[in-house]
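None of the figures in this text is laboratory data; all of them are computed from the coordinates on show. Predicted model only: the values in this text are computed from it and were never measured. All Cβ positions, even for glycine, are placed from backbone atoms using ideal geometry, and neighbour counts span all protein chains on display.
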Amino acid sequence: VGLFGGVFNQSEQDQFIIHTVSSPVGQQTHTTLSDGTRVWLNSNSLIEVVKLSESERRIRLRGEAYLDVAKDASRPFVVETENMVVTVLGTEFNVNTYGKLQSVVLVNGKVQVTDRQEGTNYELTPGNRFEMDVETGDKTIRNVDTENFISWTNGYLKFESIPLKQVILQLQDYYGIV
C-alpha cells in the first residue's frame, strides 16, 4: 500500500523498488537521489521514491519539499501528491501539501501542474506560485518572491511582504501545529 492508500501492481518485468525518506517535526532533511536530483524535506514531510522503469523518475510527497531536479530530457521527473501531479524535465521548485491551501512555487525552469480531480494542466514559469484550495477547488497562479517559500532550505524562514495569515500558516506547518 502506497502513500495515498493505493495498492501497487507489479509485473515480472518491472523492477519495483520503493525507498522512503522522511523528516521529523521541527527538523529538515536533505538527500540526493540516485539520478542526481537534490531534495530538501521540510518539517513533518515524507517522500516515497518509486522506480518502475528507466523511462521515468517518480516520487510521492506528503508535506513540503524543495527539489533541484537533475536534467534528463529522456526521463521526465514526476512528483505526485494527493491532489496534484507535477511533471518536470530539469528545474528547481517547491511543493507544499500541508493543509487545505497547497502550492507549487517555481524558482527555475518550467513545470506543469495537473489537478488530479479535474485533469486540468497549468504551466508555470519562474516566479509563479500555483495555489489550490483543496476544499473549494479554487486555483490561482500569481507571481511571488520565491525566497519567501524556499528560505527554509537554508535554515531560516523569510516573511517579506506577505500577509500575516500566510506567516501563521507557515509557522503552523513547520512546527506541526494543527
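Worth pointing out:
- Proximal charge balance of Gly99 [Cβ under 11 Å; K/R count +1, D/E count -1]: -3
- Reported label for calculated volume of the Cα convex hull per residue in Å³ given (1) 171; (2) 119; (3) 146: (2)
- Prolate/oblate/rounded label for the range 57-159 (Cα gyration tensor, a/c 1.5): rounded
- Coupling constants for the range 114-120 follow from the phi torsions by the Karplus curve (6.51 cos²θ - 1.76 cosθ + 1.60, θ = phi - 60°), and in residue order they are 10, 6, 5, 6, 9, x, 6 Hz; glycine and proline get x.
- For the chain, the longest principal axis of the C-alpha atoms and the axis of helix 164-175 are separated by about 50°.
- Loop-located GluC sites (Glu not before Pro) in the range 51-109 (DSSP state not H, G, I, E or B) with no more than 12 neighbouring Cβ atoms inside 10 Å: Glu54.
- Formal net charge of residues neighbouring Leu46 (Cβ-Cβ distance under 11 Å; K, R +1; D, E -1): 0
- Positive minus negative residues near Gln166 (Lys, Arg vs Asp, Glu; Cβ under 15 Å): -2
- Of the residues Val113, Thr81, Tyr66, the one whose Cα sits farthest towards the positive end of the charge dipole of the range 54-140 is Tyr66 (charges of +1 on Lys and Arg Cβ, -1 on Asp and Glu Cβ, taken about the Cα centre).
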